[in-house]
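Engineer: Have a look at this one.
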Amino acid sequence: MKFTLSWLKEHLETTASLDEICAGLTRCGLEVEGVENPAAKLSAFRIARVLTAAPHPQADKLQVLTVDAGDGPLQVVCGAPNARAGLLGVFGMPGATVPANGMVLKVASIRGVESNGMMCSTRELELGDDHDGIIELPADAPVGSNYAAWAGIDDPVIDVSVTPNRQDCMGVRGIARDLAAAGLGTLKPLTEAYRIDTLDVPRTGAGPAIRTDDPEGCPAFLGCTVSGVRNGPSHPWMQAKLRAIGQKPISALVDITNFIMFDLGRPLHVYDVAKLSGPLVARKARAGEQVQALNGKTYTVDPTMTVIADDHAVHDIGGIMGGMESGCSDTTTDVLIECAYFDPASIARTGQKLMLTSDARTRFERGVDPGFLDDGLAIATHLVRALCGGTASEISRAGTPPVAAKTVAYRPARTLGLAGVEVDEAAQAAILTRLGFTVTTGDVWQIGVPSWRRDIDGEADIVEEVVRIHGYAHVPSTPLPRAPGVARPTATPQQLLERRTRRAMAARGLNEAVTWSFLPPATAALFGGSDWTLENPISADLATMRPSLLAGLAAAAKRNADRGATSVRLFELGRRYLTGGEHLTAALLLAGEKRGRDWATGAATGFDAYDAKAEALAALAAAGAPVDRLMVLPPVDGWYHPGRSGRLGLGPKAILASFGELHPRVAAELDLKGSVAVAELFLDAIPQPKSPKRSRGAFTPPALQAVKRDFAFLVAADTPADALLRAVRGADKTAITDVRLFDRFTGAGVPEGQISMALTVTLQPGAASFTDAEIDAISASVIAAAGKAVGATLRG
Amino acid sequence: MTDTLQADLLSAIDAATSLDALEAVRVGALGKSGSVTALLKTLGGMSPDERQVQGPLLNGLREAVTAALAARKAVLETAALDAKLANEKLDMTLPVADAPRGSIHPISQVMDELAEIFADLGFAVAGGPEIEDDWHNFTALNIPPEHPARAMHDTFYFPDQAGSEKRMLLRTHTSPVQIRTMMTQEPPIRIIAPGRVYRSDSDATHTPMFHQVEGLVIDRDITMGHLRWTLETMVKAFFEVDDVTLQFRPSFFPFTEPSVEIDVGCSWSGGTLSIGGSESWLEILGGGMVHPRVIANCGLDPEVWQGFAFGVGIDRLAMLKYGMNDLRAFFDADLRWLNHYGFRALDVPTLSGGVGA
């Protein structure tokens, strides 16, 4: 919401400086977003008179002028068609910067004739769009004076951000009221602001035929006509005010409605009576009805929307935008002024549906003052008569505005109780009164809410009003009560798991990334497809929710590779979004070089599925998963290399992770080169340990040293190593404490189709050392178990 | 005679330049038919008196030779090892393999820092779904369907689901966690709720996904004064400065009343921001007293329970503390950026070790 300092002072009697006013605005909740004085960039432009004008000797379209800008005649070359002797205009001295293009004026020769400055157009000074000629000023403009000061544009423009609850401050008067309440002056009576004695505008003759057939969407509709008006450009003071806040003047009738909207927060609409037929009715739109709005676009309205229509057409998308057909033009002589109250929710729905925003909608959907219809119409009628002439009719009324008196019970002690600020009761009452509330004191105060404060409906709102005007600076700093002793731990088991996993993965050399929760649908499809597609994505690339964290990491790996990264180790902790809910997941991706080319190790090596498995196991261990009990299950997800991937689980129904090489087809789709090792850990599937006991069991190291025995087995080449290892481990659960595969060999001495696996078995004696017979018995059971489980035979 | 022999042997020992030569001397002296062995054998044929004299002499001879042999052997072994090691010399300037250096993302680090600070103030960490329904995200927070504030939020919606009254959306703030907490937990409540939030907005300072932390305190006598203290305490601890001034400005959030926007005092020198003082103001937080209707919506009696809530952007806090200037880079996973702005795995924020790294 923009306004100028002088505009504010039309409503606010104040001696406060600009800085004081700005500080006051922000202090009472109207945050100042900017202050700009348009005169600042015009300080070097003066009022000048053209003394003589003669054709340029070298150019048909140029003239050579002599100009007096207060310091005697200067020669100036000018291309404006309206430049002529006697004209008063705006002159830029050498050294001045032209606002519109940033050009610094200097003495220059134009086609061989010296020019000492420039006569300016409104567009060059950014005061309007007119560039057909130079500015022409009235005969009484003082030559040599600063133009901006004379033109009254030496007037700071203040831009405040009005929160959606404060419709009353969507007009300058409401802002003035808040400032007055905050002690920055007094609010002038409305009649004084408009320089009239009374709001009782002279009226004769019957009002127009109007009706509301939609009392929900348009509960009240007031109208009157003014006959015999002359429409044309509005008065310069009104144009200047509108321009100053970035509004384009259109015609007197339209400018009046705009001016009142910005001045009083009261949107109005004016119809050209000549273009109406029959009564003007607020009603629900009929299916398929169309209206060409004043922005030039045609909208199809539907029966949920309120419109204003006559017998043959829709003329207004109620409360949002008027129609082109009945808009006022230079030929308008009779005008109908509409001052209506539209239901805020209905306006919001219609605006959202039509995707149509307007200054009127912004105000109506926040709820304009239902008690200001008569005064609004009176001011509008007054201005039309004053600026365009004409005779006003009586007011026609349809429906009633929702002006039920609202009273809020308020305990003044709540200011201390809720805001922590002690404000004296008399001061509280004074603040509320200045804001327009009525105050009836007692044990519990009864606060009458002014009709323009739709946002107030409870005690907390009154506390805010009092404290806001008293000043939030008075809110003290009150320590929260602290529980005795050292602060208790607050992290949940899941939060601890997350933190440990994250830091373990970083400690292993992986870089944590945070990638979008969104994916392009085609990418999501590579990872099983998304269960959640946005209705209104910001772009097609961010349209579906990720079913896997791998896609985001893969895209990140690609970006890094494109930037020249040779080795990418990334991980992310975040959620996957599935139909059944959101799942906390950790994912990792290893791409490029595992080890670079090096003098000690030779050629570079890439990552493989075992690297992914190692990282997955380490992260699961950090997360507290019982890694000793994990089994490797075959892969199921199509985005993995079918022969080089697997799942880690405590059983087929308790899968904790998947790992492996990315399917080469998927990698190719994602434009990734070389083998890419990935893993996803399903952190929410990891069983949570019971509440931990701090004390550990007693330390009982074995009394005797363990012994090791080696076995080499021949097995079928497709035997999973884990099957052999598990069988051997299970051969004697007491004595065997560890089994390790130390060699895996095919070739000379190993029959075709078989493989040799050599194991070291660790045997832990109990109270007494093993005898040879005992060792032989254990060996026999190892060989038997291996034979039984996987058909292994001891290699000769 | 023994004197001469001893002198000869000791000189032969000294003259031995290799372990082999030394062994030859040893065998020649102390071996089965060595010169010293031969002399020792003569002791058996001596008279007791003669033996009384010769015994100590010969034993002395043997001990002197043995000791000289051992000493010489040690010298020769040392020399041999030195010679061997001299041949084993490697170029110690050769580079060794680099271990990959991992990193923690600044968002995670800042979340951990906040969790640590607020744990000391008695706040637990709460969470909730990112795919929310419009009741939790809006209605329960006193934002009815047509409220302009809904439009303000630039919400991402999911298509209507058949048979469901609820409109699903991506939460636009972490405030739904307030609702979920108040509906499942008996007051008094002190929580923070960090997490991802979404708005359909994208430019240099806005990304469609970002991170917020919500704070909520519900008790019997909580006022805006507690809100000021809590945030002052948090800002002091987080930015590790003592001189912190907060400026409270009236504002509007449908779910708080009174509502406040909070600026932190700061200064700019040479284009660098420092938190502290009151030279300039930086808007960082929004909050207020939880609206009585919100409390009632959660099934609590607003005449009994009251409190404050606040929200702050985590990414923004990270930027202010650690100096990043482009929000979009947070989500780009550029390894160069992660290495530059990331944290080491063991930089765990603690109260004793500090909450900054």
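Engineer: Do any helices (runs of 4 or more DSSP H) lying entirely in region A:174-280 carry at least 2 residues that are under 23 Å from A:SER346 (Cβ atoms) and in contact (Cβ under 8 Å) with a residue 40 or more places away in the chain, and which ones are they?
Structural biologist: A:252-264
Engineer: While we're here: Any residue at all in region A:23-40 that is part of a strand (DSSP E or B), within 18 Å of A:ALA151 (Cβ to Cβ) and either modelled with pLDDT under 90 or away from chain B (no Cβ under 14 Å) (or both)?
Structural biologist: Yes, region A:23-40 contains at least one residue that is part of a strand (DSSP E or B), within 18 Å of A:ALA151 (Cβ to Cβ) and either modelled with pLDDT under 90 or away from chain B (no Cβ under 14 Å) (or both).
Engineer: Suppose we filter B:ILE143, B:ILE131 for residues that are facing another protein chain (nearest Cβ under 9 Å), under 30 Å from A:ARG366 (Cα atoms) and not polar (S, T, N, Q); which single one remains?
Structural biologist: B:ILE131
Engineer: May I pose another question? Considering each residue of region A:242-257, count those that are within 32 Å of the chain's Cα centre (by Cα) and open to solvent by less than 30 Å² (accessible area, probe 1.4 Å), and give that number.
Structural biologist: Summing the residues that are within 32 Å of the chain's Cα centre (by Cα) and open to solvent by less than 30 Å² (accessible area, probe 1.4 Å) in region A:242-257 gives 4.
Engineer: Scan region B:189-229 for residues that are open to solvent by 10 Å² or more (accessible area, probe 1.4 Å) and within 7 Å of chain A (Cβ to nearest Cβ) and report the count.
Structural biologist: Selection size over region B:189-229: 7.
Engineer: Does region A:178-189 contain at least one residue that is within 29 Å of the chain's Cα centre (by Cα) and either under 29 Å from A:PHE342 (Cβ atoms) or not polar (S, T, N, Q) (or both)?
Structural biologist: Yes, because at least one residue in region A:178-189 is within 29 Å of the chain's Cα centre (by Cα) and either under 29 Å from A:PHE342 (Cβ atoms) or not polar (S, T, N, Q) (or both).
Engineer: I've got another one for you. Considering each residue of region B:210-229, count those that are of a type in the set (A, V, I, L, M) and either part of a helix (DSSP H, G or I) or not assigned by TED's automatic domain parsing to the domain that holds B:PHE255 (or both), and give that number.
Structural biologist: Result for region B:210-229: 2.
Engineer: Okay, next question. Right, A:MET324: under 40 Å from the mean Cα position of the chain (by Cα), open to solvent by 60 Å² or more (accessible area, probe 1.4 Å) and within 14 Å of chain B (Cβ to nearest Cβ) or not?
Structural biologist: no
Engineer: Could you tell me whether any residue of region B:123-137 is out of contact with any helix residue (DSSP H, G or I) (no Cβ under 7 Å at 6 or more places or on another chain), open to solvent by 10 Å² or more (accessible area, probe 1.4 Å) and farther than 30 Å from A:ARG502 by Cβ?
Structural biologist: yes
Engineer: Take the residues of region B:161-209 that are part of a loop (DSSP other than H, G, I, E, B) and small (Gly, Ala, Ser): which is modelled with the lowest pLDDT?
Structural biologist: So the residue we want is B:ALA204.
Engineer: So, in region A:550-561, of the ones that are touching a Phe, Trp or Tyr at 6+ places or on another chain (Cβ under 8 Å) and within 11 Å of chain B (Cβ to nearest Cβ), which residue ends up nearest to B:ILE104 (Cα to Cα)?
Structural biologist: Within region A:550-561, the match that is nearest to B:ILE104 (Cα to Cα) is A:LEU553.
Engineer: What's the total number of residues in region B:330-353 that are farther than 12 Å from B:SER103 by Cα, over 11 Å from the mean Cα position of the chain (by Cα), more than 10 Å from chain A (Cβ to nearest Cβ) and outside any loop (DSSP other than H, G, I, E, B)?
Structural biologist: 0
Engineer: Only one of these is assigned by TED's automatic domain parsing to the domain that holds B:GLU232, farther than 21 Å from A:VAL466 by Cα and not in a strand (DSSP E or B): B:VAL312, B:VAL304. Name it.
Structural biologist: B:VAL304
Engineer: Please work out which residue is farthest from A:LYS248 (Cα to Cα), limiting yourself to region A:125-171 and to residues that are in a loop (DSSP other than H, G, I, E, B) and within 14 Å of another protein chain (Cβ to nearest Cβ).
Structural biologist: A:ASN165
Engineer: A further question on this structure: Here is a check on your reading of the model: is A:THR793 open to solvent by 50 Å² or more (accessible area, probe 1.4 Å), touching a Gly at 6+ places or on another chain (Cβ under 8 Å) and under 27 Å from A:VAL632 (Cα atoms)?
Structural biologist: yes
Engineer: Got at least one residue in region A:679-695 being aliphatic (A, V, I, L, M), within 19 Å of A:GLY643 (Cβ to Cβ) and not in a helix (DSSP H, G or I)?
Structural biologist: Among the residues of region A:679-695, at least one is aliphatic (A, V, I, L, M), within 19 Å of A:GLY643 (Cβ to Cβ) and not in a helix (DSSP H, G or I), which makes the answer yes.
The rows are residues; the columns are (1) within 11 Å of chain B (Cβ to nearest Cβ); (2) open to solvent by less than 20 Å² (accessible area, probe 1.4 Å).
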| position | (1), (2) |
| --- | --- |
| A:LEU542 | yes, no |
| A:SER548 | no, yes |
| A:ARG563 | yes, no |
| A:TYR577 | yes, yes |
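Engineer: Name the single residue, out of those in region A:343-360 being surrounded by 19 or more Cβ atoms within 10 Å (Cβ to Cβ) and within 19 Å of A:ALA220 (Cβ to Cβ), that is farthest from the other protein chains (Cβ to nearest Cβ).
Structural biologist: A:ALA360
Engineer: Might you let me know whether region A:520-535 holds any residue that is open to solvent by 10 Å² or more (accessible area, probe 1.4 Å), more than 20 Å from A:GLY596 (Cβ to Cβ), within 11 Å of chain B (Cβ to nearest Cβ) and not in a loop (DSSP other than H, G, I, E, B)?
Structural biologist: yes
Engineer: Now for a different question. Select from region A:1-21 the residues that are surrounded by 16 or more Cβ atoms within 10 Å (Cβ to Cβ) and part of a loop (DSSP other than H, G, I, E, B) and list them in ascending order.
Structural biologist: A:MET1, A:THR14, A:ALA16
Engineer: Which of the residues that make up region A:438-484 are open to solvent by 60 Å² or more (accessible area, probe 1.4 Å), within 11 Å of chain B (Cβ to nearest Cβ), part of a loop (DSSP other than H, G, I, E, B) and touching a Phe, Trp or Tyr at 6+ places or on another chain (Cβ under 8 Å)?
Structural biologist: A:PRO479 - this is the single residue of region A:438-484 that is open to solvent by 60 Å² or more (accessible area, probe 1.4 Å), within 11 Å of chain B (Cβ to nearest Cβ), part of a loop (DSSP other than H, G, I, E, B) and touching a Phe, Trp or Tyr at 6+ places or on another chain (Cβ under 8 Å).
Engineer: Another question, if that's okay. Would you check which residues across region A:108-129 are hydrophobic (A, V, I, L, M, F, W, C) and surrounded by 14 or more Cβ atoms within 10 Å (Cβ to Cβ) and list them?
Structural biologist: A:ILE110, A:VAL113, A:MET118, A:MET119, A:CYS120, A:LEU125, A:LEU127
Engineer: Moving to a separate point now. Looking only at region A:732-741, filter to residues that are free of Cβ contacts under 8 Å to residues at least 24 places away in the same chain and of a type outside the set (Val, Ile, Thr); which one of those is least open to solvent (accessible area, probe 1.4 Å)?
Structural biologist: For region A:732-741, the residue satisfying everything is A:LEU741.
Engineer: OK, next. Inside region A:485-513, can you point out the residues that are more than 8 Å from every other protein chain (Cβ to nearest Cβ) and either open to solvent by 30 Å² or more (accessible area, probe 1.4 Å) or within 11 Å of B:GLY102 (Cα to Cα) (or both)?
Structural biologist: Matches in region A:485-513: A:GLY485, A:VAL486, A:PRO493, A:GLN494, A:LEU496, A:GLU498, A:ARG500.
Residue by residue, here is whether (1) on the phi > 0 side of the Ramachandran plot; (2) open to solvent by 20 Å² or more (accessible area, probe 1.4 Å); (3) assigned to a strand (DSSP E or B); (4) more than 10 Å from every other protein chain (Cβ to nearest Cβ) holds:
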| residue | (1), (2), (3), (4) |
| --- | --- |
| B:LEU231 | no, no, no, no |
| B:ALA237 | no, yes, no, yes |
| B:SER251 | no, no, yes, no |
| B:PRO258 | no, no, yes, no |
| B:ILE284 | no, no, yes, yes |
| B:VAL294 | no, no, no, yes |
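Engineer: Go through region B:1-59 and tell me which helices (runs of 4 or more DSSP H), entirely inside it, have 3 or more residues that are open to solvent by 30 Å² or more (accessible area, probe 1.4 Å) and modelled with pLDDT of 90 or more.
Structural biologist: B:2-15, B:19-30
Engineer: Condition first: touching a residue at least 60 places away in the same chain (Cβ under 8 Å) and either assigned to a loop (DSSP other than H, G, I, E, B) or touching a helix residue (DSSP H, G or I) at 6+ places or on another chain (Cβ under 9 Å) (or both). Can you find one or more residues in region A:347-354 that meet it?
Structural biologist: For region A:347-354, residues touching a residue at least 60 places away in the same chain (Cβ under 8 Å) and either assigned to a loop (DSSP other than H, G, I, E, B) or touching a helix residue (DSSP H, G or I) at 6+ places or on another chain (Cβ under 9 Å) (or both): absent.
The values are calculated or read from the model by the stated rules, or taken from the named source; none is laboratory data. Note that the structure is predicted; figures quoted are calculated from it, not measured. Heads up, the Cβs are rebuilt from the backbone with ideal geometry, glycines too, and the neighbour counts pull from every protein chain shown. The area values use the complete protein model at the heavy-atom level, side chains included, leaving out ligands, DNA and RNA. Shrake-Rupley method; radii C 1.70, N 1.55, O 1.52, S 1.80 Å.
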